[in-house]
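Worksheet for the structure shown next.
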């Protein structure tokens, strides 16, 4: 009988385990990490040599767009936060069962609609003679002369908030449903109003989930091209539209890569806030 | 006898692959370009040359679509493939130059019968690059200013008049900037031709001189002012949309799109076109064939059919309201006068000849777009 050394089996086993994750690792390495590195390197390449040329040009032409993007996405994130707290809060604290059921059924719908379709819908909805203004005019709330088109930064914000709120609300409502109801009941017994209940008892307990949802939304919104393209591909516009323009009109991947790297830095800075917060919580 | 029939089978089988070829046609442009090949040209070709099939691949609208085809060629060239996977490509004018310079294309025009019917200068020079022999124009398209006669009884005849009109009627002029489609780009190019301070002909024909790009400051300053007074529309279709809803009274559009929208009822029949002096750019779409196309003989037959007077009349002019790619007289013969004249309702052939301009050559084109990005914010 052959004698197997005590650790003779563990070596092949470890090897086997590595082999099993290898396809997944290879996919990540070749389809994600490698292109990321190539684009990061490409951002510093100007006609074959390394330099800051792409970034000089980026800041020269697109500083306003970078600020615009950050403002739009931040504002949208704040509004999404408020809306999802309101929805989640009503689902948790609402006392009218029918209203709660209707809201629960309704609020998730936008999640299943692609961004490009949102852009398309809002393009006809928000324009000067679009459905929204026409409704206001017919209700007598607005005169035709005062009607203005919302197809600018406001349109982008509306599209983002409309599309991303359900996602964050879903996370937040789930977290709210699982918090200990005793704290809510106790506060209620002491006479706290529902708003105070929401803001001082419920929201602090779901703050972490809310942050995660908002950060994921922030990163998603940073990467959306269809909405700015459909609603407002003017100047200033969002970085994604600029990246597409650099590639399509000039075939210029250098500046496009530089713009990509800048949006990566913006997204990463938000993720860093999240990481710090989660580390603090664990400590 | 048995041997004979085997031999016959062998011959038939040997001959089969020759007949059952699949031609791959990659086309840039909107969905209507893919539809044109799938619904009209493809079936016609399959009927004319039975046994062969045509596969149309749309690569997306605008310059982005042509850029994708160019990158596909780049990749196959870098990989040193012997047979490329595209037999015929339809690309924008701007991308033909790089394709020719990089030696990707076959010089096929003299090989096909219809090659002789090409007369326009833009089949020889494409934005400053000599492409003579490498391209067959599929069609020519033109931009112009569309206006609503109910709101603008006397349309401006020149860019200067247009600028004055827009000042007097804030937000009534709409265009799509330069990032939302080529009709806006074309309007900007026309603005530089009109107010650029240099010689517009140098911009169109070259040579490229750095000094020339310094002469546009005043033009861009006035364009920035003009733009704050204008409505910015979302895309080529966006301008037509806003026009049809009465949100703007005037805006630059592609002539073929304008007529197609009118024919579909998406735009009121009362809308009209005007080509302001000194003119606005238009561009052809070109049929090109890679040097290493897998089905060269068939590809030549396809392009010859597509550029025959009959197909140009029926497909290009009648169905899509494009200006023909080959010499107009040959196409006109195939059509009745009413159909032909539809092309020239608002813009006469004389207007078109005098004010239909090419886009600036590639380096000026890029310089103008970047200058726009820098100054019109």
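Going from the fewest other Cβ atoms within 10 Å to the most, the residues B:232, A:229 appear in the order A:229, B:232. Start at zero, step by 5 Å, and the Cα-Cα distances of region A:43-282 spread as 1, 6, 11, 13, 14, 14, 12, 10, 7, 5, 3, 1, 1, 0, 0 percent across the bins. Cα centroid separation, region A:37-69 to region B:168-231: 26 Å.
Most tightly packed first, judged by the mean number of other beta-carbon atoms within 10 Å of their residues, the peptides A:121-130, B:252-261 read B:252-261, A:121-130. Sort chain B into rounded, prolate or oblate with this rule: let a ≥ b ≥ c be the square roots of the eigenvalues of the Cα gyration tensor; rounded if a/c is under 1.5, and if a/c is not under 1.5, prolate when a/b is larger than b/c, oblate otherwise. Prolate is the answer for chain B, as a/c is 1.5 or above and a/b outweighs b/c. For region B:250-331, the Cα-based Rg and Dmax, in that order, read 16.3, 49 Å. Each Cα pair under 8 Å and six or more residues apart adds its separation to the average, and for region A:43-282 the resulting relative contact order is 30 percent.
Seen against the Cα atoms of chain B and their longest principal axis, helix B:159-168 is set at about 50 degrees.
Counted by neighbouring Cβ atoms within 10 Å, the residues B:344, A:167 run from fewest to most as B:344, A:167.
Averaged over peptide A:243-251, how many Cβ atoms belonging to another chain are found within 10 Å of each residue's Cβ? Can you show the working numbers first?
On the way: counts 0, 2, 8, 1, 5, 10, 14, 7, 10.
Across the residues of A:243-251, the mean count of other-chain Cβ atoms within 10 Å is 6.
Taking the DSSP beta bridges with both ends in chain B, the antiparallel portion is around 60 percent. Using R0 = 35 Å, the C-beta based FRET efficiency linking residue B:110 and residue B:338 works out to 0.45. Here the sum of -39500 (n - 2.57) over DSSP H runs of 4 or more residues, divided by the residues of chain B, equals -12500 deg cm²/dmol at 222 nm, to the nearest 500. For chain B, the longest principal axis of the alpha carbon atoms and the long axis of helix B:255-264 meet at an angle near 80°.
With distances taken between every two different alpha-carbon atoms, the protein assembly as shown has a Kirkwood hydrodynamic radius of 28.6 Å. Per-residue packing, averaged as other Cβ atoms within 10 Å, sorts the ranges B:212-221, B:189-198, A:138-147 into the order B:189-198, B:212-221, A:138-147, beginning with the highest.
Taking every residue in B:177-186 and counting other chain Cβ atoms within 10 Å of its Cβ, the average works out to 4.
With an 8 Å Cα cut-off and a minimum separation of 6 or more residues, compute the relative contact order for region B:270-357 in percent. It would help to have the intermediate numbers written out before the result.
Details: 61 pairs, mean separation 38.8, N = 88.
Across region B:270-357, relative contact order equals 44 percent.
By count of other Cβ within 10 Å, fewest leading, how are A:270, B:54 ordered? Intermediate values should be presented prior to the final figure.
Working: A:270 19, B:54 22.
Ascending number of Cβ neighbours within 10 Å: A:270, B:54.
Per-residue ellipticity at 222 nm, computed for chain A from helices alone with -39500 (n - 2.57) per DSSP H run of at least four residues, works out to -23000 deg cm²/dmol.
Using only Cα atoms, tell me the angle between helix B:217-228 and the longest principal axis of chain B; keep it within 0 to 90° and round to the nearest 10. Long axis of B:217-228 versus the principal axis of chain B: about 90 degrees. Counting, for every residue in B:230-238, the Cβ atoms of other protein chains within 10 Å of its Cβ and taking the mean gives 5.
Indicate, rounded to the nearest 5 percent, the antiparallel portion of the DSSP beta bridges found entirely in the protein assembly as shown.
Details: 25 of 41 bridges.
The antiparallel proportion sits near 60 percent.
Highest GNM mean-square fluctuation among A:35, A:204, A:23, for chain A modelled with Cα contacts below 10 Å: A:23.
Every number here is computed from the coordinates shown, using simple stated rules; none is lab data. Since we're looking at a predicted model, the values are computed, not measured. Quick reminder, even Gly has a Cβ in these numbers, built from the backbone with ideal geometry, and neighbours come from all protein chains shown.
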